[in-house]
1. Can you tell me which of (1) surrounded by fewer than 18 Cβ atoms within 10 Å (Cβ to Cβ); (2) among the hydrophobic types (A, V, I, L, M, F, W, C); (3) in a helix (DSSP H, G or I) is the one residue 81 doesn't meet?
2. Could you figure out which of (1) outside any helix (DSSP H, G or I); (2) at pLDDT 95 or above; (3) touching a Ser or Thr at 6+ places or on another chain (Cβ under 9 Å) isn't true of residue 146?
3. Filter the range 32-57 down to the residues that are hydrophobic (A, V, I, L, M, F, W, C) and either part of a strand (DSSP E or B) or out of contact with any helix residue (DSSP H, G or I) (no Cβ under 9 Å at 6 or more places or on another chain) (or both), then identify the one that is modelled with the highest pLDDT.
4. Among the residues of the range 90-103, count how many are part of a loop (DSSP other than H, G, I, E, B) and touching a Lys or Arg at 6+ places or on another chain (Cβ under 7 Å).
5. Taking residue 132 as meeting all but one of (1) within 15 Å of residue 42 (Cβ to Cβ); (2) at pLDDT 95 or above; (3) assigned to a loop (DSSP other than H, G, I, E, B), write down the number of the exception.
6. Pick from the range 110-122 the residues that are at pLDDT 90 or above and either assigned to a loop (DSSP other than H, G, I, E, B) or in contact with a Pro (Cβ under 8 Å, 6 or more places away or on another chain) (or both): which of them is farthest from residue 71 (Cα to Cα)?
Amino acid sequence: MAIDADYEGSLADLLKLSSYLRQDGVSPELRRHFTLGAFFFDLPTVEERETIWGIYLKKYTVSGELPNDEGWTGAEIKECCRKAHRLGITLMQAARYIVPVSRSAAEPIKALRQMASGKFISASTPGVYQYQENPPASRRRVMRDLDGPLTIMPPSKSDV
């Protein structure tokens, strides 16, 4: 997803935001109005997902071993926590009912990434967004106690 931003330094101090999935659907004349740039929001990074888990673990008062969340969106992390809370099951069990959009819509996401590469500012890292076909994978296990910090652990033998 791309988001255009524009700040008008006037009495109203207005910040305009608009979002769209396809850049070709927005005319160049309209895009010129967004002087802060067009930002591309890719799937959350490992660090961003850890922050998202912290928010929803606390909101739904669930804890325990976290599932492999590679390729998950914030909405999928929220849904996993919500399912665990409402059904009284573990996060690992709730994850069995989550199909990440990165899997169910892999080709459209790849096409969006390729289209955005070099054309948008990255929302997650400084500079222009650059698509990497095979980014380095980092697998980790996280345990969370509601009162304690996130604990990063190596993957279990079943994950290897």
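The values are calculated or read from the model by the stated rules, or taken from the named source; none is laboratory data. This one's a predicted model, so the numbers in the text were calculated from it and none came from an experiment. Glycine also receives a Cβ, built like all others from the backbone with ideal geometry; neighbour counts cover every protein chain displayed.
1. Condition (1) is where residue 81 drops out.
2. Unmet condition: (2).
3. Of everything passing the filter in the range 32-57, 46 is modelled with the highest pLDDT.
4. Residues that pass the stated criteria total 1.
5. Failing condition for residue 132: (2).
6. Across the range 110-122, the extreme among qualifying residues is 118.
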